[in-house]
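Notes follow once the structure below has been shown.
The values are calculated or read from the model by the stated rules, or taken from the named source; none is laboratory data. Quick caveat: nothing in here was measured; it's all calculated off a predicted structure. With ideal geometry, Cβ positions are generated from the backbone for all residues, glycine too; neighbour counts draw on all protein chains shown. What goes into the accessible areas is simple: the full protein's heavy atoms, side chains included, and nothing from ligands, DNA or RNA. Shrake-Rupley method; radii C 1.70, N 1.55, O 1.52, S 1.80 Å.
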Amino acid sequence: MERFELLAEIVGIERDTINIAGVEYPYQFVKGKLLKIGYSHIQYVLECLNRTKNKIHNIRAYYISALYNAPETIDAYYQAEVNYDMY
């Protein structure tokens, strides 16, 4: 549930820019990408989080970055999983 609240906070509080992984992006650009996030993207981010062995120091920043990048990385991730399983 906290991921939905985080998405709502980011999309709902208008500002000039949003910092994602140390890069400033225009608010409207980020908002547009985050509004396209679906259940499968959130499931993918949670699956990646469960596989992470490294300590995450700022979980909020991790979620924001992961959710922002999810639409561009989800297909490659699952294709790599299929390739691994088929090998």
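The table that follows gives values for the structure above.
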read-out: Qualifying residue in the range 50-60 (condition: open to solvent by less than 90 Å² (accessible area, probe 1.4 Å), assigned to a helix (DSSP H, G or I), touching a residue at least 40 places away in the same chain (Cβ under 8 Å) and not charged (D, E, K, R)); value: no
read-out: All positions within the range 1-22 that are hydrophobic (A, V, I, L, M, F, W, C) and part of a helix (DSSP H, G or I); value: Phe4, Leu6, Leu7, Ala8, Ile10, Val11
read-out: Count - residues of the range 1-55 that are among the aromatic types (Phe, Trp, Tyr) and farther than 22 Å from Tyr77 by Cα; value: 4
read-out: Test result for Tyr63, of a type in the set (Phe, Trp, Tyr) and in a strand (DSSP E or B); value: no
read-out: Test result for Ile74, in a loop (DSSP other than H, G, I, E, B), in contact with a helix residue (DSSP H, G or I) (Cβ under 6 Å, 6 or more places away or on another chain) and surrounded by 11 or more Cβ atoms within 10 Å (Cβ to Cβ); value: no
read-out: Given (1) surrounded by fewer than 12 Cβ atoms within 10 Å (Cβ to Cβ); (2) of a type in the set (Phe, Trp, Tyr); (3) not in a helix (DSSP H, G or I), number of the condition Tyr25 does not satisfy; value: (1)
read-out: Matching entry among Tyr63, Tyr44, Tyr68 (being out of contact with any Gly (no Cβ under 6 Å at 6 or more places or on another chain), among the aromatic types (Phe, Trp, Tyr), farther than 13 Å from Leu7 by Cα and open to solvent by less than 60 Å² (accessible area, probe 1.4 Å)); value: Tyr44
